[in-house]
Structures are given as structure tokens and as C-alpha cells.
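Peer 1: Let me give you the structure first, and then I'll get to my questions.
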Amino acid sequence: MIKIKLFLIVLYLVFSTNTYSQYSGLKDIIVNSFQKKATQYKDEINFSKMTSFFEEDKWDSTLVYSTKQLASKKPELNNYCHYIRGIIFFNKKLYRKSKSELLLINENFDLKPMKNLALGNASLELLEFKNALHYYKEVEKLPDNIKKPILKNVNNGIGTTFIFLKEFDNAEKYFLKNIAVDEAEKNYISLNISYTNLANCYYEEDKNDLAFKYFEKTYYLSQKINDYNAKQLASFNMAVIEEDRGNLKKALTFRKEAEQWNDSLNNQNKVWAVADFEKKFAVAQKQKQIKVLEVENELKNNQRNWSFFSALSLLILLTIGVYLYAQKVKNTKTILLQKNKLDELNTTKDQLFSIVSHDLRSSVNALKNSNSKLLATLESKNYEELNQLIVQNSGIANGTYSLLDNLLHWAMLQTKQLYFSQESVHLFSIIQQIEYNYKPLLLEKNIHFENLVAKSFFIYVDLDSLKIVLRNLLDNAIKFSNENGEISFSTAETQNGYWDLIIKDTGIGMTQNTIDTLVCDSELLAKKNNSEIIGTGLGFQLCKQMIQKNNGKLAIESQINIGTTITISFPKTVQNG
């Protein structure tokens with residue numbers, strides 16, 4: 001039951017710290033401030049576009065223009081760019097990147113209270129509770145007229161932090177403050193959040209009667225508001241409470257209701273996605289028409305120029321004719337090369353979409369079937385089979401999440417939106433973290449893992465991209481290893497300013513043909529001989545590109561049924577050079 005309680009807290013922590021979904025007034029404050037700054041700096045086109053895209057919730061475009069604005073070296077606007085990037089990374093759940101951007105803001109920022117609130121939220125998501133409390137308290141110290149627009153957000157943040165710190169009396173005090181204000185204002189959306197936070201507080205404190213009272217209030221209140229997230233979460237919380245009280249029949253009813261609300265939310269998102277796609281398609285068609293008209297106008301101008309020069313003399317006409325013919329041949333060759341390259345890219349894209357769609361459909365279908373069995377098993381109270389189904393669901397979800405995570409980073413790399421910041425990294429510590437994250441999978445296949453990396457090794461890389469590379473390579477090593485296998489990470493010093501990281505497994509191995517396919521930039525599919533395991537190869541392609549981005553090198557050696565050795569060379573830091 002402790003696990004269920006913690007899941008409730010974490011689930012609603014995400015729900016309650018999403019600044020813009022529940023307190024849209026904050027976004028209005030930010031947009032107004034940015035629009036005033038854009039008016040003051042009319043010549044800064046990138047800043048104006050960044051502001052417009054942020055107002056329309058087009059986060060990727062906002063990131064692109066914020067990067068361009070930072071490159072324009074206008075220090076007066078840097079604080080605004082870092083703040084907007086911090087907010088977007090937070091909404092993309094890249095909390096460490098969000099915090100890094102926010103910490104680049106200096107003390108003269110006009111929206112300093114909003115910055116501290118965002119830092120508190122990011123620290124809370126990173127489970128850095130003392131830091132989160134510090135930033136929230138900085139806002140709490142401000143005069144009432146300054147902190148009033150964000151006070152309820154701050155109270156929620158402080159209250160949630162105190163729950164994790166097991167200071168339940170303090171948490172209760174801050175949630176009750178919000179409830180008093182919300183009840184007076186009859187703000188049902190905000191009140192729904194406040195009730196749920198207080199209920200979670202009581203639930204963590206084992207005051208189950210009080211927790212049930214406020215969860216029940218939240219459930220009935222959610223019926224009055226048009227928010228599928230709130231309705232789904234309220235039904236789910238009631239299901240968990242009823243399970244805790246032993247009312248399994250009621251719990252099952254609430255769980256089915258939560259699933260129905262979740263389906264409604266998914267359907268709504270699909271409608272919005274289709275509408276957005278249709279809008280983008282219409283814009284693309286208009287742009288194509290404009291380009292066609294531009295080409296037609298250019299051709300007409302060329303024709304007029306041709307007539308004019310032909311009248312001057314036959315010699316000039318012949319000279320221009322020869323020149324234009326040469327240019328046409330050159331342009332035709334260029335267009336042909338570009339067309340071939342575009343065809344290759346489109347083929348790769350279509351292949352990737354086909355593979356990913358198939359994998360996702362298979363995973364979702366497996367999850368759907370497993371959930372059906374889960375409901376039947378729950379009614380029959382076959383707890384052993386129930387445990388197996390939960391473990392199976394977790395494996396499917398983890399595999400699907402890894403695929404989507406790789407797809408996201410691959411797309412950001414292709415569109416040059418991935419933010420790289422190289423620094424000195426202690427390699428041994430990072431591999432320890434990766435090992436900890438994959439410990440359940442290693443134990444499941446009884447694989448012996450050794451971290452033989454020298455503790456004195458420091459490399460100069462982007463930390464987040466390094467973690468992506470190591471996670472993918474370890475995941476592949478586990479996936480293609482038999483039970484009772486061995487995996488090791490070790491290092492070797494070279495004489496050319498690099499450290500070699502050596503990843504070795506005793507798995508099923510690869511043929512030279514498979515290795516050649518993997519190292520080819522245009523290939524996506526990879527299959528191990530004598531195995532039914534088939535992958536997209538996207539994770540390995542992502543690794544190669546991120547290693548190149550970090551000025552690294554990659555080499556593969558493998559033998560069938562003996563194992564695979566992957567060697568990655570990363571630049572040394574100055575202190576090791």
C-alpha cells in the first residue's frame with residue numbers, strides 16, 4: 001500500500017505543478033511582459049517571433065527563435081530567452097535542462113518571482129526538496145502585492161515539498177490557506193487541486209478518514225468542471241482509496257470510470273492533433289503555390305531579358321546562350337543530386353514511420369490485451385497471475401517509452417533543436433547511475449554487471465547526450481544477452497587526447513554484415529542472426545550521431561555466440577590531458 005500512496009502523490013505532483021494548465025493567468029502576465037519588451041526592441045525580429053510562438057504554445061518554434069536571439073548577442077534580452085527556454089523544457093519534462101536555463105538568469109530580471117517559482121517547481125520534480133523549499137520561500141518573503149498572482153502556486157509547491165519531507169503539519173497549513181481562498185472565490189478548478197493536495201497529505205500521514213473525506217470532495221467537485229484530467233485523476237484516487245478500505249467492487253467501478261475519462265481525453269487530443277495537421281497542411285499548400293508563382297515570375301523576367309539582349313547583337317546573344325546552357329546543365333545536375341538525396345531521406349523517413357508505427361501498435365495491442373486479463377484476474381483475485389501481468393505491463397510500457405524517447409531525441413537532432421552544453425564529466429559516477437536504473441533488467445536475466453571504469457577518468461562531453469548513449473548501449477547489451485551472461489564497462493588511456501570506454505557483453509553476437517549495416521548512416525533496421533529479436537536500429541543511429549556531436553569515435557567488434565565489444569573514444573578534459 002505504501003507504493004500506491006507514493007504513486008498518488010507523484011501523480012498529482014505533476015498535475016498540480018503544471019503552471020499554465022491550471023493557472024492561465026500566469027501565462028498572461030508572462031506574455032504581457034514579453035510583448036512590452038518586444039515593443040521596446042522592435043528591431044529584434046527573433047525576439048518578437050519567439051514571443052508570438054510562445055503565446056500560441058508552439059514550443060519547438062519558440063526554442064528555435066530563442067536560440068537565434070541568444071546568438072544575436074543582445075544581453076538586455078538574454079534573461080527573457082533563458083526564462084522562456086526554462087519554462088518550455090519544464091513542460092517537456094526535461095527538468096534538469098529547465099533548471100540549467102533558469103540559473104543563467106541574473107538578479108535584475110523583471111520576472112524574478114516567476115523565475116524562483118519555476119526553479120522551485122523544477123527542483124521539486126528533480127526531488128531536490130531543500131532547494132525547492134529555498135526558492136519557494138524566496139517568493140513567500142515578497143510583499144503581498146507582488147506575490148499575489150503566484151501565491152497559490154507557491155503554497156502548493158511548499159505544501160507538496162513538506163509532504164516529501166514528512167512535515168505533514170506544515171504541508172496541511174499551506175494547503176488550507178489555498179482552500180480558504182478558493183472557497184471564498186468559488187474557483188472550482190483551483191479548489192479541486194487544493195482538495196486533492198490536502199487529501200494526499202492526510203493519506204501520506206495515514207489519516208485515512210480525513211483523506212477519504214477530501215478525495216470524495218474532489219470527486220464530486222470534478223463533476224462540475226470541464227477538465228478530463230481532473231475527472232480521471234479524481235476517479236483514480238477514489239479507486240485507490242476504496243481498494244485500501246477493502247471495497248473492491250467500488251474500487252473496480254471507479255477504475256473503469258477513470259479509464260473512460262482517460263479515453264475521452266485521448267480522443268480529444270486526437271481531434272486537436274488532426275485539426276493542427278490540417279492547418280499545417282493548408283499552410284504548406286499555400287507556400288507551394290507562392291513558390292510556383294515566384295518561379296513563374298522569374299521565368300518571365302528571364303524571357304524579357306533574353307529578348308532585350310538578343311536585340312543588341314548576335315554575338316552577345318550567342319555568348320548569353322552558351323552561358324545559360326552551361327548554367328542550366330549545372331543547375332540540372334545540382335537539382336538531380338538534391339532530388340536523389342531527398343528521395344533517400346523520404347525513404348528513410350517512411351521506413352522509420354512504418355517500423356515505429358508497427359512497434360507502437362504491437363506494444364499498445366499487447367498492453368490492451370494484458371489489461372483485459374488484468375481486470376479478469378482482479379475479479380478472480382488470482383494474485384500470483386496478477387503480479388505476473390503487472391510485471392509484463394511494466395516491461396511493455398518501458399520498451400514503448402524507450403522507443404518514443406529515442407524517436408524524440410532523433411527528431412530533435414535532425415531538426416537541430418537539441419541543446420548541447422559540453423562540460424567535464426566523471427565517467428565512473430555516470431555509469432553507476434545507469435547501472436542503478438537498469439538493475440531490475442539485469443536481475444531479471446541474472447546478468448553479472450561490472451563497472452571497471454577508472455575513477456580518475458574525466459571526459460569533456462554533453463552530460464544528457466552521454467546518458468542517452470550509455471542507456472541505449474546497455475539496453476542493447478541486456479536485450480541481446482542470454483541469461484547468466486556478463487556485461488562490463490571498462491576504460492583505456494590513449495595517446496591522442498582521448499579516453500576509450502569499452503562496453504563488452506557475452507551475448508549472441510553479430511556477423512560482419514550486421515556490423516556494416518549498423519555503422520551505415522542510411523540504415524535503420526538491424527537484426528541479430530539466430531534470434532527473433534528485431535529492432536528499428538534507431539537507438540544505435542541516435543548513439544552514433546550523439547557521439548559525433550561530442551567529437552567522439554565508435555568501433556565495433558563481434559563474434560556470433562561469443563559476444564560484442566563496442567569501443568567509444570571521448571575527448572579528455574584539460575585536467576586529464
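The values are calculated or read from the model by the stated rules, or taken from the named source; none is laboratory data. None of these values were measured; they are calculated from a predicted model. For neighbour counting, all protein chains shown are included, and Cβ atoms are generated from backbone atoms with ideal geometry for every residue, glycine included.
Peer 1: Restrict the check to the stretch 85-93 and report whether at least one residue is assigned to a loop (DSSP other than H, G, I, E, B), among the hydrophobic types (A, V, I, L, M, F, W, C) and either over 22 Å from Phe164 (Cβ atoms) or more than 20 Å from the chain's Cα centre (by Cα) (or both).
Peer 2: No, the conditions are met nowhere in the stretch 85-93.
Peer 1: If I ask for residues that are in contact (Cβ under 8 Å) with a residue 24 or more places away in the chain and either of a type in the set (A, V, I, L, M, F, W, C) or under 18 Å from Leu117 (Cβ atoms) (or both), which ones from the stretch 56-83 would you list?
Peer 2: Trp59, Leu63, Val64, Leu77, Asn79, Tyr80, Cys81, Tyr83 - these are the residues of the stretch 56-83 that are in contact (Cβ under 8 Å) with a residue 24 or more places away in the chain and either of a type in the set (A, V, I, L, M, F, W, C) or under 18 Å from Leu117 (Cβ atoms) (or both).
Peer 1: Can you find a residue in the stretch 106-113 that is modelled with pLDDT of 85 or more, under 21 Å from Ser421 (Cβ atoms) and under 21 Å from the mean Cα position of the chain (by Cα)?
Peer 2: Within the stretch 106-113, none of the residues are modelled with pLDDT of 85 or more, under 21 Å from Ser421 (Cβ atoms) and under 21 Å from the mean Cα position of the chain (by Cα).
Peer 1: Okay, next question. Kindly evaluate Ala171 against the criterion of being closer than 16 Å to Leu151 by Cα and surrounded by 23 or more Cβ atoms within 10 Å (Cβ to Cβ).
Peer 2: Judged against the criteria, Ala171 is a match.
Peer 1: Would you mind stating whether Ser429 is in contact (Cβ under 8 Å) with a residue 24 or more places away in the chain and surrounded by fewer than 15 Cβ atoms within 10 Å (Cβ to Cβ)?
Peer 2: When the stated conditions are applied, Ser429 does not pass them.
Peer 1: May I ask you to say which residue of Ser123, Ser100 is polar (S, T, N, Q), under 22 Å from the mean Cα position of the chain (by Cα) and buried (at least 22 other Cβ atoms within 10 Å of the Cβ)?
Peer 2: Result of the check over Ser123, Ser100: Ser123.
Peer 1: Right, something else. Which residue, of Asn561, Asn530, is in a loop (DSSP other than H, G, I, E, B), at pLDDT 65 or above and either among the small types (Gly, Ala, Ser) or within 17 Å of Gly507 (Cβ to Cβ) (or both)?
Peer 2: Every option except Asn561 fails the conditions.
Peer 1: Can you tell me which of Leu473, Leu441, Leu466 is touching a Lys or Arg at 6+ places or on another chain (Cβ under 9 Å) and within 25 Å of Leu538 (Cβ to Cβ)?
Peer 2: Leu441
Peer 1: Out of Lys148, Lys68, I need the residue that is surrounded by fewer than 18 Cβ atoms within 10 Å (Cβ to Cβ), modelled with pLDDT of 85 or more and part of a helix (DSSP H, G or I). Which one?
Peer 2: Checking each option against the conditions leaves just Lys68.
Peer 1: If Gly86 satisfies all but one of (1) surrounded by fewer than 22 Cβ atoms within 10 Å (Cβ to Cβ); (2) within 21 Å of Asp462 (Cα to Cα); (3) touching a residue at least 12 places away in the same chain (Cβ under 8 Å), what's the number of the condition it fails?
Peer 2: (1)
Peer 1: Any residue that is at negative phi, at pLDDT below 50 and surrounded by 15 or more Cβ atoms within 10 Å (Cβ to Cβ) - is there at least one of those in the stretch 22-41?
Peer 2: Yes, there is a match, as at least one residue in the stretch 22-41 is at negative phi, at pLDDT below 50 and surrounded by 15 or more Cβ atoms within 10 Å (Cβ to Cβ).
Peer 1: Further, regarding this structure: Return the pairs, sorted by first residue and then second, in which the second residue is buried (at least 19 other Cβ atoms within 10 Å of the Cβ) and basic (Lys, Arg), the first residue lies in the stretch 501-519 and is under 10 Å from Thr564 (Cα atoms) and in contact (Cβ under 8 Å) with a residue 12 or more places away in the chain, the beta carbons are less than 6 Å apart, and the residues are 6+ apart or on different chains.
Peer 2: Ile508/Lys528
Peer 1: In the set Phe34, Phe47, which member is over 24 Å from Asn153 (Cβ atoms), free of Cβ contacts under 8 Å to residues at least 60 places away in the same chain and in a helix (DSSP H, G or I)?
Peer 2: Just one listed residue meets the conditions, Phe47.
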